[in-house]
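Quick notes on the structure that follows.
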Amino acid sequence: VEICDQPQSRYITATFELPGLKKEEIGVHLTHDGRLTISGDRRSPPFLSNTDPALAIYPVKELKYGRFERTINVPAGLEVSVKDINASLADGMLCVSWPRAIQPALSQVPTHVVSMA
């Protein structure tokens, strides 16, 4: 993850590298206490799990597969709601941004799912 906090911008942006994943395979959740969680499961292609010695052998396997989850805190003192967050996925890069300063929310619920563009 890279977090860009440019002082002259109205937004803070977190960029996640998620090659090979579709937006349906990625979860973006916001909790009421301002924790933003990105999660998913990168599954290995079926040909990598072969056990037949007549099939291709992979002497080097450096790609990571399996479940992942990363949680970051939005700035302290801000009450961010789902409507304040933008998420988009393009070319394996997930960009999630939220405003630097927002009005306090009137009510909140424990967890929200953020939809991606």
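The values are calculated or read from the model by the stated rules, or taken from the named source; none is laboratory data. Note that the coordinates shown come from a computational prediction; the quantities given were computed from them, not determined experimentally. These area figures cover heavy atoms from the full protein model, side chains too; ligands, DNA and RNA do not enter into them. Shrake-Rupley method; radii C 1.70, N 1.55, O 1.52, S 1.80 Å.
Taking amide hydrogens as placed 1.01 Å from N in the peptide plane, the amide H of residue 40 sits under 5 Å from those of 27, 68, each at least 5 positions away in sequence or on another chain. For the residues 116, 93, a 1.4 Å probe over the protein chains yields an accessible-area ranking, largest first, of 93, 116.
According to the Kirkwood relation over distinct C-alpha pairs, the hydrodynamic radius of the range 1-82 is 15.8 Å. Only aspartates and glutamates eight or more places from residue 22 in sequence, or on another chain, were considered; those with a Cα closer than 13 Å are 41, 91.
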